[in-house]
Every structure is written in structure tokens, then in C-alpha cells.
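Values quoted throughout were computed directly from the atomic coordinates according to the rules given, and no laboratory measurement underlies them. Just so it is clear, the model here is predicted, and its values are computed rather than measured. Ideal geometry is used to build each Cβ from the backbone, glycine not excepted, and the neighbour counts take in all protein chains shown.
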Amino acid sequence: MKKKALFLQLALTASLLFSTAAHAAEITSTRDIPVGGSGQMEMVGTIEPTILSVTMPTFVPFNLSSSLSTQNKVISPRINVKNNSNLPVQVDVAYTAVDMSKMPNVEWSDDGSVKPNQIAIGLKQEGADGEMPTDLAHARWLKKNTAQDMNVMILDANQEGAMYVVGTLGQEVSESATFNVTPTFVVSKTSQPQQP
């Protein structure tokens, strides 16, 4: 008998130690249902999406040339961006690492206006025509090695969009060198409407 009682006490203790409490939102109203009777209960569930997913390339080569007759001196491939989420998102640039160590006499411009020895690089959303931009109107300029909170695109749920690298350079900048521009993109939920 003592062994049985001791075993039951150990089993009860173990079940209390490893039990898990679960609870939900507070119940706001109750109703009595008599024995043998029936009733209905309304249950309301809320789904809150927590996963934001945007697809975009990780490497984009571009060429910068003063021989282009347009205001935009960059030849860039189309950068496709797809919102895989079921809610609107905004795509921002938080920081841009710029390495111009192979161009010792060239400076960076953070605002798109260049002096003879400067380069400016930015991003521009694709226009309605679906072609590479020729002008620099509405370009979002990347700031060299500086934190920035710059929105480059807002996408509705499951929407695709596109942007291009744009830029300009001063007349004293050599076209035979290379440099690296690495923006850090941040995707976040937004309630802002998409801009036309």
C-alpha cells in the first residue's frame, strides 16, 4: 500500500512539475446551458502576420559614363523588387557603405549635385514607361558611409516594383576606375499608401 501511495505522490508531483499553463484572451460574456439543452458559442480568431518577405537582387553591376547625352550618366539593369507579404511594406536604405579607395582624387556627393571631381549615386523608381531613367528628377541619393533613413519604395501586398541605379559625375572624374557602393535595405510594415 505504501509503495502505491508513494508512486501516486511521485506521479502527481511529476505531472505538476511538467505541466504547462495556456490561456487566451479574456472571456467577456457567459451563458448557462441546462443539462440536456444546447447552445452556440461564437469564437473569433485574429491572425497577425509577422513575416515580411521581399525579393530583390543581391548584386547589381552598373556603368558610369560621361559620354551619355542624358542627365543620368549610369547604365543600370532593372532592379526588380517583389513584396511576397500579404500586407504593404516599405523598402528603406538605412546605410550605404562606399569604397572609393581605387579613386584617390574623387569625392562623393550626398545630394546629386557634383563638382568637377565628384560622383553621386542614387536610386530611382521605375516610371510608367518601364525604361531606364534619363533624368535625375525624384532620385533618392545615397549618402556615403552615413546612417540614413531613406524610403526608396512602397509596395502593396504581393506587388512587384522596379528601380534603377542613377547617378552623375564631374568632368575631372576618370572613367577607368572602379568603386563599390553597398546600400543596406530595411523592409518594414507600412500603412502609407503607395505613391504614384
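Centroid-to-centroid, using Cα positions, the range 62-95 and the range 161-195 are 6 Å apart.
Straight Cα distances below 12 angstrom link LYS82 to the aspartates and glutamates ASP156, GLU160, with same-chain residues fewer than 8 positions distant left out. Using the Cβ-Cβ distance between ALA147 and SER67 with R0 set to 30 Å, the FRET efficiency from 1/(1 + (r/R0)^6) comes to roughly 0.30.
Derived from the Cα gyration tensor, the three semi-axes of the equivalent ellipsoid of the range 99-196 are 28, 15, 11 Å, largest first. Label sites at ILE33 and MET56, each approximated as a point 7 angstrom past Cα along Cα to Cβ, lie 5.2 nm apart. Taking only alpha carbon atoms, the range 61-113 gives an Rg to Rh ratio of 1.05, where Rh is the Kirkwood radius. Modelled spin labels at ALA137 and LYS102, positioned 7 Å past Cα toward Cβ, are 3.5 nm from each other. Computed from backbone phi with θ = phi - 60° and the Karplus coefficients 6.51, -1.76 and 1.60, the 3J(HN,Hα) list for the range 184-191 is 9, 9, 10, 10, 9, 5, 9, 10 Hz; x is used for glycine and proline.
Checking the Cα-Cα distances for LYS73/LYS102; LYS102/LYS124; LYS102/LYS189 against a 31 Å cut-off, the pairs over it are LYS102/LYS189. Length gained on full extension, GLN40 to ASP111, computed as 0.36 nm times the residue gap minus the Cα-Cα distance: 19.2 nm. Projected over every direction and averaged, the convex hull enclosing the alpha-carbon atoms of the range 48-171 yields 8.3 nm².
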